[in-house]
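Trainee: Please see the structure below; I have some questions.
The values are calculated or read from the model by the stated rules, or taken from the named source; none is laboratory data. None of the values given here were measured: they were computed from a predicted structure. Glycine gets a Cβ as well: all are built from the backbone with ideal geometry, and neighbour counts include every protein chain shown. Note: areas computed on protein heavy atoms with side chains; ligands, DNA, RNA excluded. Shrake-Rupley method; radii C 1.70, N 1.55, O 1.52, S 1.80 Å.
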Amino acid sequence: MDGHHSPRRPPEREGSHNYDIESTDGGGGPWRQNVSSSEALLRYSNNGGGGGSAREPLLRKRTMNTTSQIAIVGANVCPIESLDYEVVENDLFKQDWRSRKKTQIFQYVILKWTLVLLIGLLTGLVGFLNNLAVENIAGFKLLLTGNLMLKERYLTAFFVYGGCNLILAASAAAICAYIAPAAAGSGIPEVKAYLNGVDAHSILAPSTLFVKIFGSILGVSAGFVLGKEGPMVHTGACIANLLGQGGSRKYRLTCNWLRYFKNDRDRRDLITCGSAAGVAAAFRAPVGGVLFALEEAASWWRSALLWRAFFTTAVVAVVLRSLIEFCRSGKCGLFGKGGLIMFDLSSTVATYSTPDLIAIIILGIIGGIFGGLFNFLLDKLLRVYSIINERGAPFKILLTIAISIITSMCSYGLPWLAACTPCPVDAAEQCPTIGRSGNFKNFQCPPGHYNDLASLFFNTNDDAIRNLFSNGTESEFHMSTLFIFFTAVYCLGIVTYGIAVPSGLFIPVILAGATYGRIVGTLLGPISNLDPGLFALLGSASFLGGTMRMTVSVCVILLELTNDLPMLPLVMLVLLISKTIADIFNKGVYDQIVVMKGLPYMEAHAEPYMRHLVAGDVVSGPLITFSGVEKVANIVHALKITGHNGFPVVDEPPLTEAPELVGLVTRSHLLVLLKSKMFMKDQVKTSGSFVLQRFGAFDFAKPGSGKGLTIQDLDFTDEEMEMYVDLHPVTNTSPYTVVETMSLAKAAILFRALGLRHLLVVPKTPDRPPIVGILTRHDFVEEHIHGLFPNLNPHKFHSTSMGG
């Protein structure tokens, strides 16, 4: 809706400006010839940088709001908008900065630092309470089941165990399906898209925050093979958004002194800090959190933001450390050392030689292959799940219950396949384990024996990872046990991710990677000096590199998790190898999910086929433009029949000697101006002083995630409709412009780097109208370009663009 239609589109479209979707303009729906609004959602993607063909539609026919592009957010379909990251430099803005006193500027800076402090405190607190709840709920469930098994009431134990899991899973799915469908999944793709400039209703709403916290607690406690780390990133972003928009009007939580942050630019900074805080709270990895935000989440970065994000994660680390010290006194129930995952491997002395490096290279290759396969299978399965999930909330809950039953049967049933092993004489801890967590689970074995498969399955995921990472336990796990566990976790990790429960991929990937790392370590034991626990760590790194394609942040997170700095060179090597191998097959998992959800994400590099086009080729026209002094009826009509968010303002005679581009006026500014009813009887240019006296810059501030002003909220008399309004004071007089002959590739890089919503295209020759059209996010989308140029085959250029 950024103001344009295309002459290349079929005639019946003309005038139906609703199709020219603004920011919605973007990402998943090709507006193709002969496409009705309900069918405009066929998703195609380039299959991760290599060749690739058109894919099956992820979403079927839909009757939705046609004035907006649509994408999947969480487990629901929502209209999406672009965000206004650009500074609107109009007369009001300039006057506001001229009149701003030093005390106000100081207040703004202090407020920003106060907010990042609050984000750190709240995210750290939520992270701790999340862990506390999971450890106690899951611990109670495991103790109850374990006590029944000691009495040899095995069938009763299974029903208690499966029943607890079922109730927890159904509760998580119910609150997610009915209260906030946007909370399903990890939330990292949505946060990534938001920071790229894509907004969708309820991505960061208070209801999403509530469901993300409690749904994650219930989901992890239900024994699913999923983690709370991805949801913690989304939780941190939601907390930052809630603070940054001055609270929530809907829930009567508002603060007027936060009005400084009623714009997308400041919110973007805070949400970047929030996502960093989420990782720091999930892994107790403050530096890893900052690097995650820089490498994976943020599309736009500057040094001041690095400093603020670092401060936020430092606050999180201090909060977690102090709360864990408090729990050491035994006041936190079953919250043991298992709580906030920290797998200390620092006692292991890592000395490695050439044969070890061969083993590391093998691990990296395996991680890349398994990671590529994991992403491929997840892609296929999510497409199947979307068909089930779109049938409504009851189907989402039924799917979750089905996966819960399968998970319970695996984690209770598979340990029966393992033989009982006599306890090692030199065991560092009690064997068999008494209580909830430990390396040696008794399960169905006689006294003095333990079941190694139960030690992995019949534990929380954090404890299972701790057991796999443990050193000095070369003979603790049988090879058959590790193969069974790897197969189960790999498959369950894939089938669990698409259900309507807040779920992260970090833990399933670390679990599966640690298992095959241990397998490789055991097989290569004769030629390698490394402990199997260290091989498990390197296996986790290789699988993380193979699925998520992050290198620096994963490396630092793993080192902070395990407190094992001597392993740094090996972790770096294995990550680089696994990422390189996996990139041959497809994109990283979050990039794939962004494409699949139809979020119009703009990559940092332009696609090669864009070099063969210029800005004038894809820009849409004829335009809807306004005169500098425009009739009220014309503005109201344009706002009602279009979904555009930006309109060029062109002064024409008698206001100027020749047509002249004044700038760009946004829908939200027009609505505020119309609501004030400051109209004139004649079409004359004013000084604008009465507008400057009547309004302050904050009157035009963007509302938060709640509903803003719409044209339907305003009523005008016939007399008012015939009057005029001066648009000059609210027009952005310095919009970004490009000449129509500029390469589309360069325009795309400029658009992405500056975080724009509108990019005006001006003519090359002076004897034409002063504006050719507007480029929006939608105009850079492959499907849109392919719709205009059906003979252009983008895929034939892709092989040259691998990896950007």
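Trainee: Find the residue count for the stretch 205-233, including only residues that are outside any helix (DSSP H, G or I) and open to solvent by 10 Å² or more (accessible area, probe 1.4 Å).
Mentor: Here the count works out to 4.
Conditions tested, residue by residue: (1) over 31 Å from the mean Cα position of the chain (by Cα); (2) modelled with pLDDT under 85; (3) under 22 Å from residue 550 (Cα atoms).
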| site | (1), (2), (3) |
| --- | --- |
| 300 | no, no, yes |
| 303 | no, no, yes |
| 306 | no, no, yes |
| 332 | yes, yes, no |
| 338 | no, yes, no |
| 344 | no, yes, no |
| 363 | no, no, yes |
| 369 | no, no, yes |
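Trainee: Scan the stretch 243-257 and give yes if some residue there is on the phi < 0 side of the Ramachandran plot, surrounded by 24 or more Cβ atoms within 10 Å (Cβ to Cβ) and either modelled with pLDDT of 95 or more or not in a loop (DSSP other than H, G, I, E, B) (or both), otherwise no.
Mentor: yes
Trainee: Further, regarding this structure: Just checking, which of 80, 137, 105 is of a type in the set (A, V, I, L, M) and modelled with pLDDT of 90 or more?
Mentor: Unique residue meeting the criteria: 137.
Trainee: On the basis of being assigned to a helix (DSSP H, G or I), more than 18 Å from residue 269 (Cα to Cα), in contact with a Lys or Arg (Cβ under 7 Å, 6 or more places away or on another chain) and outside the structural domain of residue 728 (by the TED database), does residue 142 make the cut? Show your work before the answer.
Mentor: On the way: assigned to a helix (DSSP H, G or I): yes; more than 18 Å from residue 269 (Cα to Cα): yes; in contact with a Lys or Arg (Cβ under 7 Å, 6 or more places away or on another chain): yes; outside the structural domain of residue 728 (by the TED database): yes.
In short, yes.
Table: residues versus (1) open to solvent by 30 Å² or more (accessible area, probe 1.4 Å); (2) in contact (Cβ under 8 Å) with a residue 12 or more places away in the chain; (3) within 27 Å of residue 587 (Cα to Cα).
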position: 376; (1), (2), (3): yes, yes, yes
position: 393; (1), (2), (3): no, yes, no
position: 398; (1), (2), (3): yes, no, no
position: 402; (1), (2), (3): yes, no, no
position: 406; (1), (2), (3): yes, yes, no
position: 409; (1), (2), (3): yes, yes, no
position: 415; (1), (2), (3): no, yes, no
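Trainee: Could I ask something else about it? Only one of these is farther than 30 Å from residue 663 by Cβ and open to solvent by 20 Å² or more (accessible area, probe 1.4 Å): 567, 572. Name it.
Mentor: Within the list 567, 572, the selection yields 572.
Trainee: Among the numbered criteria (1) open to solvent by 10 Å² or more (accessible area, probe 1.4 Å); (2) more than 23 Å from the chain's Cα centre (by Cα), which one does residue 310 miss?
Mentor: Failing condition for residue 310: (2).
Trainee: Within the stretch 440-453, can one find any residue that is crowded, with 24+ Cβ neighbours inside 10 Å, among the basic types (Lys, Arg) and either outside any helix (DSSP H, G or I) or within 39 Å of the chain's Cα centre (by Cα) (or both)?
Mentor: Yes: the stretch 440-453 contains one or more residues that are crowded, with 24+ Cβ neighbours inside 10 Å, among the basic types (Lys, Arg) and either outside any helix (DSSP H, G or I) or within 39 Å of the chain's Cα centre (by Cα) (or both).
Trainee: Output the residues belonging to the stretch 182-202 that are part of a loop (DSSP other than H, G, I, E, B), touching a strand residue (DSSP E or B) at 6+ places or on another chain (Cβ under 6 Å) and open to solvent by less than 10 Å² (accessible area, probe 1.4 Å).
Mentor: Answer for the stretch 182-202, where residues must be part of a loop (DSSP other than H, G, I, E, B), touching a strand residue (DSSP E or B) at 6+ places or on another chain (Cβ under 6 Å) and open to solvent by less than 10 Å² (accessible area, probe 1.4 Å): 186, 197.
Trainee: Take residue 110 and tell me if it is β-branched (Val, Ile, Thr) and crowded, with 17+ Cβ neighbours inside 10 Å.
Mentor: no
Trainee: Would you pick out the residues in the stretch 588-618 that are open to solvent by less than 10 Å² (accessible area, probe 1.4 Å), β-branched (Val, Ile, Thr) and over 13 Å from the mean Cα position of the chain (by Cα)?
Mentor: Result: 618, single match.
Trainee: Name every residue in the stretch 507-563 that is in a loop (DSSP other than H, G, I, E, B), of a type in the set (S, T, N, Q) and farther than 23 Å from residue 584 by Cα, in order of residue number.
Mentor: Passing the criteria: 528, 529, 563.
Trainee: Among the residues of the stretch 82-125, how many are within 30 Å of residue 400 (Cβ to Cβ) and not small (Gly, Ala, Ser)?
Mentor: Residues of the stretch 82-125 within 30 Å of residue 400 (Cβ to Cβ): 122-125.
So of that shortlist, the ones also not small (Gly, Ala, Ser) come out as 122-123, 125.
Residues flagged as within 30 Å of residue 400 (Cβ to Cβ) and not small (Gly, Ala, Ser) within the stretch 82-125 amount to 3.
Trainee: Being closer than 30 Å to residue 460 by Cβ, among the hydrophobic types (A, V, I, L, M, F, W, C) and either touching a helix residue (DSSP H, G or I) at 6+ places or on another chain (Cβ under 7 Å) or surrounded by 16 or more Cβ atoms within 10 Å (Cβ to Cβ) (or both) narrows it down to one of 137, 80, so name that one. If you could, list the steps in order and put the result at the bottom.
Mentor: Working: 80 fails: closer than 30 Å to residue 460 by Cβ.
Exactly one residue qualifies, and that residue is 137.
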